[in-house]
Amino acid sequence: MRKYHILIAALVVLLDRLSKWLVAQKITLHDSVDIVPGLFRLTHVQNQGAAFGLFSDSPWQWKAALLILFSVAALAVVSALLWKNGNAMNATAVALSLVFGGALGNLWDRVAAGRVIDFLDFYVGSHHWPAFNVADSAIVVGALLLLSEIFLAPQEEKVVSQ
């Protein structure tokens, strides 16, 4: 089953790399292309912070190193969980594979360029969600799957011994 976990993570990284490359090639930095006017556009931005632009305006000189270190630590934890769950192909394994691929995709950018390309830009009127990318999407979907497994999965009844 591990080969499927690796395949899912590799597909996330491939889609992330390809989409970021296409945006960098086709859309000038800070320009936008309306896809659904008033709701969604592709906008080429570069994020030196964490997901969804968190800490991007921070002038702290160690920010990039800390984000890289955090990503490596997260990859180590997810790898260990995937290894432990390696014989199963269930929602937890898919979720961990998505998180792994997303974290690896953004880590690639941080190590190579010190920043991440974001381009998926949703908004309604003056309400605007920070731009994000395929890797961010995989991480969020994986995290939501994990949360659904934790909170929505049937709980085994505990037997109270006397």
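The values are calculated or read from the model by the stated rules, or taken from the named source; none is laboratory data. As the structure is a prediction and not an experimental result, all values here were calculated from the model. Cβ coordinates were reconstructed from backbone atoms using ideal geometry, including for glycine residues, and neighbour counts include every protein chain displayed.
Output the number of the condition that Gly125 fails; it satisfies all remaining conditions of (1) touching a Phe, Trp or Tyr at 6+ places or on another chain (Cβ under 7 Å); (2) at pLDDT below 90.
Condition (1) is where Gly125 drops out.
From the residues in segment 49-74 that are farther than 15 Å from Ala135 by Cα and among the polar types (S, T, N, Q), which one is modelled with the highest pLDDT?
Here the residue is Gln61.
Under 9 Å between Cβ atoms, which residue pairs at least 6 apart in sequence (or on different chains) link something in segment 119-131 that is more than 14 Å from Leu29 (Cα to Cα) with a partner that is among the charged types (D, E, K, R) and in a strand (DSSP E or B)?
Close Cβ pairs satisfying both conditions: Phe122/Arg41; Tyr123/Arg41; His128/Asp121; Trp129/Asp121; Pro130/Asp118; Pro130/Asp121.
Of all the residues that make up segment 7-32, how many are closer than 26 Å to Leu81 by Cβ and surrounded by fewer than 14 Cβ atoms within 10 Å (Cβ to Cβ)?
2
Ala143 is checked against (1) assigned to a helix (DSSP H, G or I); (2) within 30 Å of Val33 (Cα to Cα); (3) touching an Asp or Glu at 6+ places or on another chain (Cβ under 9 Å) and fails just one. What number does that condition carry?
(3)
Looking at Pro130 and the list (1) assigned to a helix (DSSP H, G or I); (2) over 12 Å from the mean Cα position of the chain (by Cα); (3) not charged (D, E, K, R), which single condition is not satisfied?
(1)
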